[in-house]
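Here the structure is laid out as C-alpha coordinates; the discussion comes afterwards.
The values are calculated or read from the model by the stated rules, or taken from the named source; none is laboratory data. Keep in mind it's a predicted model, so treat the numbers as computed, not measured. Neighbour counts run over all protein chains shown; Cβ positions are idealised from the backbone, glycine included.
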Amino acid sequence: MSSSDRRAADGPAHGAAATPPVRIPRHVHRPVLICSPTPGRVGLRMEGEISVVTRDTLESQLTSLVRRGTDVHLDLSKVVFSDSGGVAVLVNAARRLPAGKNVHLEHPPASMRRIMDVLYSRVPNIKVQS
Amino acid sequence: MSATLDAAEPFSHPALFYRGAEEYLAGTVPFVEEGLRAGQPVAVAVPGPRLELLRAELGASAGSVRLIDMTVAGRNPGRIIPGVLRAFADSHRDADHVRIIGEPIWAGRSATEYPACAQHEALINLAFTGRPVTILCPYDAIELDPRVLEDAALTHPTVIDNAKSTVSTAYDPGSVIQAYNVPLPRPGPDARHHVILDFDVDNLVQARQVAADIAVRAGLGTAAVGDLEIAVNELAANSVRHGGGRGTLEVWVDTALVCQISDAGRLTDPLAGREPVGLSGNGGRGLLMVNHIADLLRTHTGPDGTTIQARFSL
(Lines give C-alpha, C1' and ligand atoms only; values in the text may rest on other atoms or scores of the structure.)
Protein backbone atom coordinates (compact mmCIF):
# COMPACT_ATOMS: atom_id res chain seq x y z
CA MET A 1 0.00 0.00 0.00
CA SER A 2 1.57 3.32 -1.03
CA SER A 3 1.16 6.66 0.69
CA SER A 4 -1.00 7.85 -2.20
CA ASP A 5 -3.90 5.45 -1.66
CA ARG A 6 -4.29 6.03 2.03
CA ARG A 7 -7.78 7.37 1.47
CA ALA A 8 -8.96 4.05 0.08
CA ALA A 9 -7.39 2.06 2.88
CA ASP A 10 -10.52 0.98 4.69
CA GLY A 11 -12.61 -1.93 3.56
CA PRO A 12 -16.32 -1.57 3.04
CA ALA A 13 -16.36 2.08 2.03
CA HIS A 14 -17.95 1.54 -1.37
CA GLY A 15 -21.49 2.58 -2.17
CA ALA A 16 -24.25 0.14 -3.04
CA ALA A 17 -23.96 -1.87 -6.23
CA ALA A 18 -25.56 -0.20 -9.23
CA THR A 19 -27.54 -3.27 -10.24
CA PRO A 20 -29.08 -5.42 -7.51
CA PRO A 21 -27.67 -8.93 -7.18
CA VAL A 22 -29.53 -11.86 -8.70
CA ARG A 23 -30.62 -14.45 -6.15
CA ILE A 24 -30.31 -17.88 -7.72
CA PRO A 25 -32.82 -20.59 -6.74
CA ARG A 26 -31.40 -23.72 -5.13
CA HIS A 27 -30.96 -26.67 -7.41
CA VAL A 28 -30.65 -29.88 -5.40
CA HIS A 29 -28.17 -32.35 -6.78
CA ARG A 30 -26.36 -34.60 -4.34
CA PRO A 31 -23.28 -36.09 -5.97
CA VAL A 32 -22.78 -39.84 -5.88
CA LEU A 33 -19.70 -42.01 -6.21
CA ILE A 34 -20.12 -45.48 -7.66
CA CYS A 35 -17.20 -47.84 -7.09
CA SER A 36 -16.94 -51.16 -8.92
CA PRO A 37 -14.20 -53.79 -8.79
CA THR A 38 -11.76 -54.06 -11.66
CA PRO A 39 -11.57 -57.71 -12.78
CA GLY A 40 -8.05 -59.11 -13.00
CA ARG A 41 -6.33 -56.59 -10.76
CA VAL A 42 -6.59 -54.99 -7.34
CA GLY A 43 -8.39 -51.72 -7.79
CA LEU A 44 -11.58 -49.81 -8.39
CA ARG A 45 -13.34 -48.19 -11.26
CA MET A 46 -15.03 -45.06 -9.99
CA GLU A 47 -17.75 -42.91 -11.40
CA GLY A 48 -19.17 -39.65 -10.10
CA GLU A 49 -17.70 -37.15 -7.71
CA ILE A 50 -15.34 -37.33 -4.74
CA SER A 51 -16.58 -34.75 -2.24
CA VAL A 52 -17.60 -34.17 1.33
CA VAL A 53 -20.70 -36.26 0.53
CA THR A 54 -18.91 -39.31 -0.92
CA ARG A 55 -15.62 -39.31 0.97
CA ASP A 56 -16.70 -42.02 3.43
CA THR A 57 -17.61 -44.37 0.57
CA LEU A 58 -14.17 -43.90 -0.94
CA GLU A 59 -12.45 -44.38 2.39
CA SER A 60 -14.20 -47.66 3.25
CA GLN A 61 -13.60 -49.09 -0.23
CA LEU A 62 -9.92 -48.20 -0.14
CA THR A 63 -9.38 -49.48 3.37
CA SER A 64 -10.25 -53.04 2.36
CA LEU A 65 -8.16 -52.83 -0.83
CA VAL A 66 -5.09 -51.54 0.96
CA ARG A 67 -5.20 -54.50 3.38
CA ARG A 68 -4.27 -56.75 0.47
CA GLY A 69 -0.84 -55.15 0.56
CA THR A 70 -0.26 -54.84 -3.15
CA ASP A 71 -0.44 -52.13 -5.84
CA VAL A 72 -3.87 -50.46 -6.09
CA HIS A 73 -5.15 -49.27 -9.48
CA LEU A 74 -7.87 -46.62 -9.52
CA ASP A 75 -9.59 -45.94 -12.83
CA LEU A 76 -10.76 -42.34 -12.40
CA SER A 77 -11.71 -41.60 -16.00
CA LYS A 78 -15.39 -41.26 -15.04
CA VAL A 79 -14.77 -39.09 -11.97
CA VAL A 80 -15.69 -35.51 -12.80
CA PHE A 81 -14.39 -33.73 -9.70
CA SER A 82 -12.45 -34.31 -6.49
CA ASP A 83 -11.92 -32.14 -3.44
CA SER A 84 -8.86 -31.99 -1.18
CA GLY A 85 -10.47 -34.24 1.43
CA GLY A 86 -10.83 -36.96 -1.19
CA VAL A 87 -7.21 -36.59 -2.24
CA ALA A 88 -6.19 -36.83 1.43
CA VAL A 89 -8.03 -40.18 1.61
CA LEU A 90 -5.98 -41.45 -1.36
CA VAL A 91 -2.75 -40.18 0.23
CA ASN A 92 -3.55 -41.88 3.53
CA ALA A 93 -4.30 -45.12 1.70
CA ALA A 94 -0.96 -44.92 -0.12
CA ARG A 95 0.83 -44.43 3.19
CA ARG A 96 -0.65 -47.64 4.58
CA LEU A 97 0.70 -49.75 1.72
CA PRO A 98 3.87 -51.79 2.30
CA ALA A 99 7.16 -50.30 1.06
CA GLY A 100 7.52 -50.47 -2.70
CA LYS A 101 3.77 -50.71 -3.36
CA ASN A 102 1.95 -47.88 -5.12
CA VAL A 103 -1.46 -46.36 -5.65
CA HIS A 104 -1.98 -45.68 -9.36
CA LEU A 105 -4.35 -42.85 -10.30
CA GLU A 106 -5.46 -43.46 -13.86
CA HIS A 107 -6.96 -40.54 -15.81
CA PRO A 108 -7.76 -38.38 -12.77
CA PRO A 109 -9.90 -35.24 -13.21
CA ALA A 110 -8.12 -31.89 -13.51
CA SER A 111 -9.13 -30.91 -9.97
CA MET A 112 -7.45 -34.01 -8.50
CA ARG A 113 -4.23 -33.38 -10.44
CA ARG A 114 -4.17 -29.77 -9.32
CA ILE A 115 -4.68 -30.67 -5.64
CA MET A 116 -2.02 -33.39 -5.89
CA ASP A 117 0.44 -30.90 -7.43
CA VAL A 118 -0.21 -28.13 -4.92
CA LEU A 119 -0.55 -30.06 -1.66
CA TYR A 120 0.91 -33.53 -2.13
CA SER A 121 3.67 -33.30 -4.71
CA ARG A 122 6.04 -35.26 -2.49
CA VAL A 123 4.07 -38.41 -1.85
CA PRO A 124 6.43 -41.00 -3.34
CA ASN A 125 4.09 -43.89 -3.88
CA ILE A 126 1.21 -42.24 -5.70
CA LYS A 127 1.67 -42.59 -9.45
CA VAL A 128 -0.45 -40.38 -11.68
CA GLN A 129 -1.18 -41.65 -15.20
CA SER A 130 -3.09 -39.62 -17.73
CA MET B 1 1.65 -10.31 23.80
CA SER B 2 4.31 -8.43 25.73
CA ALA B 3 7.17 -6.45 24.31
CA THR B 4 9.73 -8.34 26.36
CA LEU B 5 12.09 -10.46 24.37
CA ASP B 6 12.86 -13.95 25.48
CA ALA B 7 16.62 -14.29 25.13
CA ALA B 8 16.29 -18.04 24.66
CA GLU B 9 13.83 -17.69 21.75
CA PRO B 10 15.64 -18.99 18.67
CA PHE B 11 13.24 -17.30 16.24
CA SER B 12 14.05 -13.77 15.23
CA HIS B 13 11.90 -11.47 13.08
CA PRO B 14 13.37 -8.01 12.52
CA ALA B 15 11.85 -5.33 10.28
CA LEU B 16 14.33 -3.35 8.19
CA PHE B 17 13.24 0.19 7.28
CA TYR B 18 15.19 1.27 4.19
CA ARG B 19 15.38 4.44 2.14
CA GLY B 20 16.71 3.77 -1.33
CA ALA B 21 18.78 1.00 -2.94
CA GLU B 22 21.95 1.73 -0.99
CA GLU B 23 20.28 1.24 2.40
CA TYR B 24 18.49 -1.80 1.02
CA LEU B 25 21.75 -3.49 0.10
CA ALA B 26 23.52 -2.36 3.28
CA GLY B 27 20.74 -3.95 5.34
CA THR B 28 20.39 -7.20 3.40
CA VAL B 29 23.69 -8.23 1.79
CA PRO B 30 25.66 -8.67 5.06
CA PHE B 31 22.71 -10.70 6.43
CA VAL B 32 22.96 -13.05 3.45
CA GLU B 33 26.75 -13.25 3.47
CA GLU B 34 26.97 -13.94 7.21
CA GLY B 35 24.52 -16.79 6.75
CA LEU B 36 26.43 -18.27 3.84
CA ARG B 37 29.74 -18.03 5.75
CA ALA B 38 28.15 -19.93 8.64
CA GLY B 39 26.91 -22.59 6.25
CA GLN B 40 23.26 -21.67 6.86
CA PRO B 41 20.53 -22.09 4.23
CA VAL B 42 19.52 -18.65 2.93
CA ALA B 43 16.45 -17.64 0.92
CA VAL B 44 15.50 -14.24 -0.43
CA ALA B 45 11.81 -13.67 -1.24
CA VAL B 46 11.36 -10.06 -2.36
CA PRO B 47 9.72 -8.22 -5.30
CA GLY B 48 11.39 -8.82 -8.70
CA PRO B 49 13.30 -5.52 -9.06
CA ARG B 50 14.74 -5.85 -5.52
CA LEU B 51 15.63 -9.45 -6.26
CA GLU B 52 17.65 -8.36 -9.30
CA LEU B 53 19.38 -5.67 -7.25
CA LEU B 54 20.41 -8.26 -4.67
CA ARG B 55 21.38 -10.84 -7.25
CA ALA B 56 23.74 -8.36 -8.93
CA GLU B 57 25.30 -7.28 -5.63
CA LEU B 58 25.76 -10.84 -4.35
CA GLY B 59 27.57 -11.86 -7.52
CA ALA B 60 28.76 -15.46 -7.41
CA SER B 61 27.23 -16.07 -3.95
CA ALA B 62 23.77 -15.54 -5.44
CA GLY B 63 24.05 -19.10 -6.73
CA SER B 64 24.01 -20.41 -3.14
CA VAL B 65 20.87 -18.48 -2.24
CA ARG B 66 17.30 -19.47 -2.99
CA LEU B 67 15.89 -16.47 -4.89
CA ILE B 68 12.10 -16.08 -5.03
CA ASP B 69 9.98 -13.35 -6.62
CA MET B 70 7.59 -12.49 -3.79
CA THR B 71 5.10 -10.76 -6.13
CA VAL B 72 4.43 -14.20 -7.64
CA ALA B 73 5.03 -16.70 -4.82
CA GLY B 74 3.50 -14.35 -2.25
CA ARG B 75 0.83 -12.71 -4.36
CA ASN B 76 -1.73 -13.95 -1.84
CA PRO B 77 -0.23 -13.10 1.57
CA GLY B 78 -2.03 -16.12 3.05
CA ARG B 79 0.24 -18.53 1.21
CA ILE B 80 3.57 -16.94 2.16
CA ILE B 81 3.92 -18.85 5.45
CA PRO B 82 3.15 -22.32 4.02
CA GLY B 83 4.38 -21.83 0.45
CA VAL B 84 7.49 -19.69 0.91
CA LEU B 85 8.73 -19.41 4.51
CA ARG B 86 7.90 -22.80 5.96
CA ALA B 87 8.45 -24.52 2.62
CA PHE B 88 12.07 -23.32 2.81
CA ALA B 89 12.63 -23.65 6.57
CA ASP B 90 11.01 -27.10 6.73
CA SER B 91 13.19 -28.38 3.90
CA HIS B 92 16.25 -27.50 6.04
CA ARG B 93 15.22 -28.94 9.38
CA ASP B 94 18.75 -30.27 9.92
CA ALA B 95 20.33 -26.82 9.73
CA ASP B 96 21.44 -25.05 12.94
CA HIS B 97 19.75 -21.91 11.70
CA VAL B 98 17.86 -20.78 8.59
CA ARG B 99 17.87 -17.23 7.21
CA ILE B 100 15.14 -15.74 5.06
CA ILE B 101 14.62 -12.25 3.72
CA GLY B 102 10.90 -11.81 3.21
CA GLU B 103 9.40 -8.62 1.77
CA PRO B 104 5.64 -9.18 1.62
CA ILE B 105 4.58 -5.53 1.47
CA TRP B 106 5.53 -3.24 -1.38
CA ALA B 107 4.12 0.05 -2.66
CA GLY B 108 1.95 -1.67 -5.29
CA ARG B 109 -0.03 -3.64 -2.70
CA SER B 110 -3.66 -2.48 -2.89
CA ALA B 111 -5.83 -1.34 0.00
CA THR B 112 -7.80 -4.57 -0.46
CA GLU B 113 -4.66 -6.67 -0.07
CA TYR B 114 -3.07 -4.74 2.77
CA PRO B 115 -5.10 -6.09 5.75
CA ALA B 116 -4.11 -9.63 4.73
CA CYS B 117 -0.46 -8.50 4.45
CA ALA B 118 -0.43 -7.02 7.96
CA GLN B 119 -2.09 -10.10 9.42
CA HIS B 120 0.44 -12.28 7.63
CA GLU B 121 3.32 -10.36 9.24
CA ALA B 122 1.70 -10.80 12.66
CA LEU B 123 1.09 -14.52 12.13
CA ILE B 124 4.74 -15.22 11.23
CA ASN B 125 5.49 -14.78 14.95
CA LEU B 126 3.03 -17.52 15.90
CA ALA B 127 4.08 -19.83 13.07
CA PHE B 128 7.80 -19.77 13.89
CA THR B 129 7.97 -19.55 17.68
CA GLY B 130 10.70 -21.90 18.87
CA ARG B 131 12.20 -22.43 15.43
CA PRO B 132 15.89 -21.59 14.77
CA VAL B 133 15.01 -19.21 11.95
CA THR B 134 15.56 -15.53 11.22
CA ILE B 135 13.14 -13.74 8.90
CA LEU B 136 14.28 -10.24 7.96
CA CYS B 137 11.49 -8.09 6.50
CA PRO B 138 12.50 -5.02 4.48
CA TYR B 139 10.07 -2.08 4.43
CA ASP B 140 10.37 0.75 1.91
CA ALA B 141 10.23 3.71 4.31
CA ILE B 142 9.94 6.21 1.47
CA GLU B 143 7.15 4.69 -0.57
CA LEU B 144 4.98 2.98 2.04
CA ASP B 145 2.23 4.67 4.02
CA PRO B 146 3.32 5.69 7.55
CA ARG B 147 0.56 3.45 8.91
CA VAL B 148 2.30 0.45 7.30
CA LEU B 149 5.49 1.29 9.18
CA GLU B 150 3.53 1.69 12.43
CA ASP B 151 2.03 -1.76 11.86
CA ALA B 152 5.51 -3.16 11.19
CA ALA B 153 6.56 -2.02 14.66
CA LEU B 154 3.57 -3.93 16.07
CA THR B 155 4.36 -7.12 14.14
CA HIS B 156 8.16 -7.22 14.54
CA PRO B 157 9.93 -7.66 17.90
CA THR B 158 12.87 -5.64 16.60
CA VAL B 159 13.12 -2.80 14.09
CA ILE B 160 16.29 -1.86 12.22
CA ASP B 161 16.24 1.79 11.16
CA ASN B 162 19.22 3.89 10.08
CA ALA B 163 21.47 0.84 10.59
CA LYS B 164 20.43 0.70 14.24
CA SER B 165 18.55 -2.26 15.70
CA THR B 166 16.13 -1.53 18.52
CA VAL B 167 13.63 -3.59 20.47
CA SER B 168 10.16 -2.59 19.35
CA THR B 169 8.33 -1.47 22.47
CA ALA B 170 5.13 -1.42 20.39
CA TYR B 171 5.39 -5.15 19.57
CA ASP B 172 1.87 -6.61 19.79
CA PRO B 173 1.07 -8.91 16.86
CA GLY B 174 -2.24 -10.03 18.35
CA SER B 175 -3.59 -6.49 18.11
CA VAL B 176 -2.83 -6.41 14.37
CA ILE B 177 -4.58 -9.73 13.74
CA GLN B 178 -7.62 -8.24 15.49
CA ALA B 179 -7.39 -4.74 13.99
CA TYR B 180 -7.61 -6.09 10.44
CA ASN B 181 -10.33 -8.62 11.22
CA VAL B 182 -12.88 -6.25 9.69
CA PRO B 183 -15.93 -6.53 7.41
CA LEU B 184 -14.80 -7.30 3.87
CA PRO B 185 -15.20 -4.96 0.87
CA ARG B 186 -18.64 -5.08 -0.74
CA PRO B 187 -19.13 -4.95 -4.52
CA GLY B 188 -18.38 -1.51 -5.92
CA PRO B 189 -20.82 0.46 -8.12
CA ASP B 190 -19.20 -0.99 -11.22
CA ALA B 191 -19.62 -4.59 -10.10
CA ARG B 192 -21.00 -7.00 -12.72
CA HIS B 193 -22.54 -10.47 -12.61
CA HIS B 194 -23.41 -10.19 -8.91
CA VAL B 195 -25.25 -13.34 -7.80
CA ILE B 196 -26.26 -14.83 -4.45
CA LEU B 197 -26.88 -18.51 -3.72
CA ASP B 198 -27.79 -20.17 -0.44
CA PHE B 199 -26.22 -23.60 -0.22
CA ASP B 200 -26.06 -26.66 1.96
CA VAL B 201 -24.90 -30.21 1.40
CA ASP B 202 -27.59 -30.79 -1.24
CA ASN B 203 -26.47 -28.10 -3.68
CA LEU B 204 -22.71 -27.88 -3.19
CA VAL B 205 -22.31 -28.85 -6.84
CA GLN B 206 -24.49 -25.93 -7.87
CA ALA B 207 -22.37 -23.49 -5.84
CA ARG B 208 -19.28 -24.54 -7.76
CA GLN B 209 -21.08 -24.39 -11.09
CA VAL B 210 -22.58 -20.95 -10.48
CA ALA B 211 -19.11 -19.56 -9.75
CA ALA B 212 -17.59 -21.29 -12.78
CA ASP B 213 -20.31 -19.93 -15.04
CA ILE B 214 -19.54 -16.36 -14.03
CA ALA B 215 -15.81 -16.95 -14.34
CA VAL B 216 -16.30 -18.09 -17.93
CA ARG B 217 -18.47 -15.03 -18.67
CA ALA B 218 -15.77 -12.80 -17.12
CA GLY B 219 -13.24 -14.29 -19.53
CA LEU B 220 -11.07 -16.34 -17.17
CA GLY B 221 -9.03 -19.08 -18.83
CA THR B 222 -9.61 -22.80 -18.34
CA ALA B 223 -6.96 -23.23 -15.63
CA ALA B 224 -8.24 -20.23 -13.67
CA VAL B 225 -11.84 -21.44 -13.91
CA GLY B 226 -10.68 -24.82 -12.64
CA ASP B 227 -8.92 -23.20 -9.69
CA LEU B 228 -11.97 -21.14 -8.88
CA GLU B 229 -14.18 -24.26 -8.88
CA ILE B 230 -11.77 -25.93 -6.49
CA ALA B 231 -11.73 -22.87 -4.23
CA VAL B 232 -15.51 -22.44 -4.05
CA ASN B 233 -15.95 -26.16 -3.47
CA GLU B 234 -13.44 -26.20 -0.58
CA LEU B 235 -14.89 -23.10 1.09
CA ALA B 236 -18.48 -24.29 0.72
CA ALA B 237 -17.57 -27.77 1.99
CA ASN B 238 -16.01 -26.11 5.04
CA SER B 239 -19.31 -24.33 5.69
CA VAL B 240 -21.16 -27.64 5.45
CA ARG B 241 -18.75 -29.42 7.77
CA HIS B 242 -17.74 -26.72 10.24
CA GLY B 243 -19.92 -23.66 9.59
CA GLY B 244 -23.33 -24.83 10.72
CA GLY B 245 -24.14 -27.00 7.71
CA ARG B 246 -25.03 -24.20 5.33
CA GLY B 247 -23.81 -20.92 3.95
CA THR B 248 -24.26 -18.19 1.37
CA LEU B 249 -22.18 -17.79 -1.77
CA GLU B 250 -21.87 -14.44 -3.48
CA VAL B 251 -19.97 -13.97 -6.70
CA TRP B 252 -19.25 -10.71 -8.49
CA VAL B 253 -16.76 -9.16 -10.83
CA ASP B 254 -15.14 -5.79 -10.22
CA THR B 255 -11.37 -5.34 -10.30
CA ALA B 256 -11.17 -9.10 -9.82
CA LEU B 257 -13.52 -12.05 -9.78
CA VAL B 258 -14.68 -12.30 -6.18
CA CYS B 259 -16.13 -15.42 -4.55
CA GLN B 260 -17.46 -14.83 -1.07
CA ILE B 261 -18.69 -17.52 1.29
CA SER B 262 -20.33 -16.67 4.59
CA ASP B 263 -21.59 -19.01 7.26
CA ALA B 264 -22.40 -19.17 10.98
CA GLY B 265 -19.08 -20.75 12.01
CA ARG B 266 -16.14 -19.08 13.66
CA LEU B 267 -12.48 -19.47 12.75
CA THR B 268 -10.66 -19.93 16.04
CA ASP B 269 -7.20 -20.99 14.85
CA PRO B 270 -5.44 -17.89 13.48
CA LEU B 271 -3.04 -20.13 11.54
CA ALA B 272 -5.83 -22.09 9.82
CA GLY B 273 -4.90 -22.56 6.18
CA ARG B 274 -1.28 -21.55 6.74
CA GLU B 275 0.27 -24.73 8.09
CA PRO B 276 1.81 -26.95 5.41
CA VAL B 277 -0.29 -30.05 5.01
CA GLY B 278 0.99 -33.05 6.94
CA LEU B 279 0.67 -36.28 5.05
CA SER B 280 -2.01 -37.33 7.51
CA GLY B 281 -3.28 -33.99 8.82
CA ASN B 282 -6.82 -32.79 8.30
CA GLY B 283 -7.25 -29.35 9.86
CA GLY B 284 -7.26 -26.42 7.47
CA ARG B 285 -6.40 -28.44 4.38
CA GLY B 286 -9.17 -26.91 2.26
CA LEU B 287 -8.30 -23.39 3.35
CA LEU B 288 -4.63 -24.09 2.63
CA MET B 289 -5.52 -25.20 -0.89
CA VAL B 290 -7.48 -21.98 -1.45
CA ASN B 291 -4.59 -19.91 -0.10
CA HIS B 292 -2.31 -21.52 -2.65
CA ILE B 293 -4.51 -20.93 -5.70
CA ALA B 294 -6.34 -17.64 -5.04
CA ASP B 295 -4.71 -14.29 -5.77
CA LEU B 296 -6.02 -12.97 -2.46
CA LEU B 297 -7.84 -14.51 0.48
CA ARG B 298 -9.45 -12.24 3.06
CA THR B 299 -11.33 -13.38 6.13
CA HIS B 300 -13.61 -11.77 8.68
CA THR B 301 -14.61 -13.92 11.63
CA GLY B 302 -16.39 -13.33 14.90
CA PRO B 303 -19.31 -14.42 17.08
CA ASP B 304 -21.77 -13.64 14.28
CA GLY B 305 -20.07 -15.92 11.77
CA THR B 306 -17.31 -16.05 9.21
CA THR B 307 -16.99 -14.44 5.80
CA ILE B 308 -14.20 -15.40 3.40
CA GLN B 309 -13.43 -13.76 0.07
CA ALA B 310 -11.25 -15.41 -2.53
CA ARG B 311 -10.20 -13.08 -5.33
CA PHE B 312 -8.98 -14.17 -8.75
CA SER B 313 -7.31 -11.73 -11.13
CA LEU B 314 -9.08 -11.12 -14.43
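Cβ separations smaller than 6 Å between residues 6+ apart or across chains give the following pairs from the stretch B:178-199 residues that are within 7 Å of chain A (Cβ to nearest Cβ) and free of Cβ contacts under 8 Å to residues at least 12 places away in the same chain to residues that are assigned to a loop (DSSP other than H, G, I, E, B) and surrounded by 15 or more Cβ atoms within 10 Å (Cβ to Cβ): B:Arg186/A:His14. The set of residues in the stretch A:89-111 being assigned to a helix (DSSP H, G or I) and in contact with a Phe, Trp or Tyr (Cβ under 8 Å, 6 or more places away or on another chain) consists of A:Val91, A:Ser111.
Checking B:Ala89, B:Ala56, B:Ala118, B:Ala62 one by one, the residue that is away from chain A (no Cβ under 14 Å), buried (at least 19 other Cβ atoms within 10 Å of the Cβ) and either part of a helix (DSSP H, G or I) or in contact with a Ser or Thr (Cβ under 7 Å, 6 or more places away or on another chain) (or both) is B:Ala89 and no other. Residues that are facing chain A (nearest Cβ under 8 Å) and not hydrophobic (A, V, I, L, M, F, W, C) were ranked within the stretch B:201-230; the one that is surrounded by the fewest Cβ atoms within 10 Å (Cβ to Cβ) is B:Asp202.
Scan the stretch B:106-134 for residues that are among the hydrophobic types (A, V, I, L, M, F, W, C), within 23 Å of B:Ser91 (Cα to Cα) and more than 14 Å from the chain's Cα centre (by Cα) and jot them down. Result: B:Phe128, B:Val133. In the stretch B:121-143, the residue that is nearest to B:Asn181 (Cα to Cα) out of those that are of a type in the set (A, V, I, L, M) and within 14 Å of chain A (Cβ to nearest Cβ) is B:Ala141. Restricting attention to the stretch B:153-186, the residues that are in a loop (DSSP other than H, G, I, E, B), under 16 Å from B:Ala15 (Cβ atoms), modelled with pLDDT of 95 or more and not acidic (Asp, Glu) total 6. Residues in the stretch A:47-72 that are more than 22 Å from B:Val205 (Cβ to Cβ), in contact with a strand residue (DSSP E or B) (Cβ under 8 Å, 6 or more places away or on another chain) and either among the small types (Gly, Ala, Ser) or surrounded by 20 or more Cβ atoms within 10 Å (Cβ to Cβ) (or both): A:Leu62, A:Leu65, A:Val66, A:Val72. In the stretch B:231-262, the qualifying residues are those that are among the polar types (S, T, N, Q), part of a helix (DSSP H, G or I) and within 16 Å of B:Asp202 (Cβ to Cβ), and the one that is nearest to the other protein chains (Cβ to nearest Cβ) is B:Asn233. Residue-level check: of (1) of a type in the set (D, E, K, R); (2) modelled with pLDDT of 95 or more; (3) not in a strand (DSSP E or B), A:Arg68 misses just (2). The residues of the stretch B:154-184 that are charged (D, E, K, R) and surrounded by fewer than 13 Cβ atoms within 10 Å (Cβ to Cβ) amount to a single one, B:Lys164. A residue that is at pLDDT 95 or above, surrounded by 20 or more Cβ atoms within 10 Å (Cβ to Cβ) and not in a helix (DSSP H, G or I) occurs somewhere in the stretch A:17-33. The test for being touching a strand residue (DSSP E or B) at 6+ places or on another chain (Cβ under 8 Å), surrounded by fewer than 17 Cβ atoms within 10 Å (Cβ to Cβ) and of a type outside the set (S, T, N, Q) holds for B:Arg192.
Residues to consider are B:Asp263, B:Asp254; find the one that is buried (at least 21 other Cβ atoms within 10 Å of the Cβ) and touching a Pro at 6+ places or on another chain (Cβ under 8 Å). Exactly one of B:Asp263, B:Asp254 is buried (at least 21 other Cβ atoms within 10 Å of the Cβ) and touching a Pro at 6+ places or on another chain (Cβ under 8 Å), namely B:Asp254.
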